[in-house]
Amino acid sequence: MSSNTKLQWKGYAVHDTKRPDQFKVTDFKPKGFEDKDIDIKIEYCGVCGSDIHTITGGWGEVKLPLIVGHEITGHVVRVGSKVTEFEVGDRVGVGAHVGSCYSCQRCQGGAENYCLKAIHTYNSVYPDGTVSQGGYASAIRANELFVFPIPDALSLEQASPMLCAGITAYSPLRTHGAGPGKSVGVIGIGGLGHYALQFAKAMKCDKADALALGANDFVDTGDKDWAKKWTDSFDLILCTVNVSQHIPLNDIFLTLKVHGRCIMLALPDDALPPISSFSLTASGVLLGGSLIGSKAEILEMLALAAKEGVKSYIEVLPMKEVGKAIQGMKAGKVRYRYVLKADI
């Protein structure tokens, strides 16, 4: 099925990692259309820290010219013959992946976000050799498994950053048992952290540690002996800060209860600081990570956000001002997320 809308395949691309705030409108060709694919006319795309890590070369090779962006919302304009969940005109979103192998244990077990052959929304290579291009663009093509219906109660611009930042915060809360009777701490109140606090509250946790957004307390890690004051306080800590060498992990472990968990969500370019084995064993704590979320988790998250009024704190800019958004995000000027409105 297809609509009468003829898609333009073009976007704002970076051509030089040394000039990551310089974008040029560039035509591109999507990968071949398959029977489970969906074409989406992009309306909005959030600006994610992953975009900056990529276009600066911080995460490795960049397949230039490259269009980034993986917090995408818009409307379906074409569906493949075997698509069962969507119709032309549906309000939908796409996150950090657009494809996978579909057949491995992870994909078959509902953990397709951890597929070892995942196709990232941008800077990945499809089996046919096509480089995936992201959401700072007019359109995107994705497999049905990686397309999500947007609840009517959420505007497209509100939903966009939830498809990476939101699910990155929600998934570990769900996985690690956040709920009534659990005390949750959030390190860093930014693009990820402001969602973590709101979702922890929506999941009825006893405490979400920061004063903003309805949390109970605030911890200043710059204070002397701050960790001793909060020893044995938290069941779960989500670390969202993006500066690895300034994360006081050994002190953070001290604040965890027995078998408490610290989950790293941000992915800084550099390695994490050294960890003392004694700081892990003293309370039997665990250090782990989390990668976005499965489709089932994303649908749960969107439903919870709609029900509980979880809000994206955003500043909307026309997509042509993407360079301004990148500069502002790098400088920490936005509270807490830029969303680009498509204009091509």
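The values are calculated or read from the model by the stated rules, or taken from the named source; none is laboratory data. If you're wondering where the values come from, they're calculated on a predicted model, not measured in any experiment. Heads up, the Cβs are rebuilt from the backbone with ideal geometry, glycines too, and the neighbour counts pull from every protein chain shown. We work out accessible area using only protein heavy atoms, side chains counted, and drop any ligands, DNA or RNA first. Shrake-Rupley method; radii C 1.70, N 1.55, O 1.52, S 1.80 Å.
Things to note:
Here is a yes/no grid of residues against (1) touching a Ser or Thr at 6+ places or on another chain (Cβ under 8 Å); (2) within 18 Å of LEU154 (Cβ to Cβ); (3) at pLDDT below 95:
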position: PHE28; (1), (2), (3): no, no, no
position: ASP37; (1), (2), (3): no, no, no
position: GLU43; (1), (2), (3): yes, yes, no
position: GLY69; (1), (2), (3): yes, no, no
position: SER81; (1), (2), (3): no, no, no
position: GLY89; (1), (2), (3): yes, yes, no
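- Test: residue in the stretch 83-94 that is β-branched (Val, Ile, Thr), more than 17 Å from GLN327 (Cβ to Cβ) and in contact with a helix residue (DSSP H, G or I) (Cβ under 7 Å, 6 or more places away or on another chain): yes
- Given (1) open to solvent by less than 30 Å² (accessible area, probe 1.4 Å); (2) of a type outside the set (Ser, Thr, Tyr); (3) under 21 Å from LEU163 (Cα atoms), number of the condition GLY323 does not satisfy: (3)
- Of the residues making up the stretch 318-330, at least one is in contact with a helix residue (DSSP H, G or I) (Cβ under 7 Å, 6 or more places away or on another chain), in contact (Cβ under 8 Å) with a residue 24 or more places away in the chain and not hydrophobic (A, V, I, L, M, F, W, C).
- All conditions but one from (1) over 29 Å from LEU299 (Cβ atoms); (2) open to solvent by 40 Å² or more (accessible area, probe 1.4 Å); (3) of a type outside the set (Lys, Arg) apply to GLY58; the one that does not is (2).
- Test: LEU299 is under 16 Å from ALA200 (Cβ atoms), touching a residue at least 60 places away in the same chain (Cβ under 8 Å) and surrounded by 13 or more Cβ atoms within 10 Å (Cβ to Cβ): no
- Within the stretch 69-82, residues that are over 15 Å from CYS164 (Cα atoms) have Cβ atoms under 6 Å from residues that are among the basic types (Lys, Arg) and at pLDDT below 95 in no pair, counting only partners at least 6 apart in sequence or on another chain.
- Selection count, the stretch 109-137, where residues are touching a residue at least 24 places away in the same chain (Cβ under 8 Å) and either crowded, with 22+ Cβ neighbours inside 10 Å or touching a helix residue (DSSP H, G or I) at 6+ places or on another chain (Cβ under 8 Å) (or both): 13
- Flag for GLU144 being within 21 Å of the chain's Cα centre (by Cα), acidic (Asp, Glu) and open to solvent by 10 Å² or more (accessible area, probe 1.4 Å): no
Results for (1) open to solvent by 70 Å² or more (accessible area, probe 1.4 Å); (2) touching an Asp or Glu at 6+ places or on another chain (Cβ under 9 Å); (3) more than 27 Å from PRO151 (Cβ to Cβ), shown as yes or no for each residue.
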| position | (1), (2), (3) |
| --- | --- |
| ASP269 | yes, no, yes |
| ALA303 | no, no, no |
| VAL310 | no, no, no |
| LYS330 | yes, yes, yes |
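- Some residue of the stretch 208-227 being modelled with pLDDT of 90 or more, closer than 19 Å to GLY179 by Cβ and touching a strand residue (DSSP E or B) at 6+ places or on another chain (Cβ under 9 Å): no
This table checks each residue for (1) without any contact (Cβ under 8 Å) to a residue 40 or more places away in the chain; (2) under 30 Å from TYR195 (Cα atoms); (3) among the polar types (S, T, N, Q); (4) open to solvent by 60 Å² or more (accessible area, probe 1.4 Å).
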| residue | (1), (2), (3), (4) |
| --- | --- |
| ASP27 | yes, no, no, yes |
| LYS36 | no, no, no, yes |
| CYS45 | no, yes, no, no |
| ILE67 | no, yes, no, no |
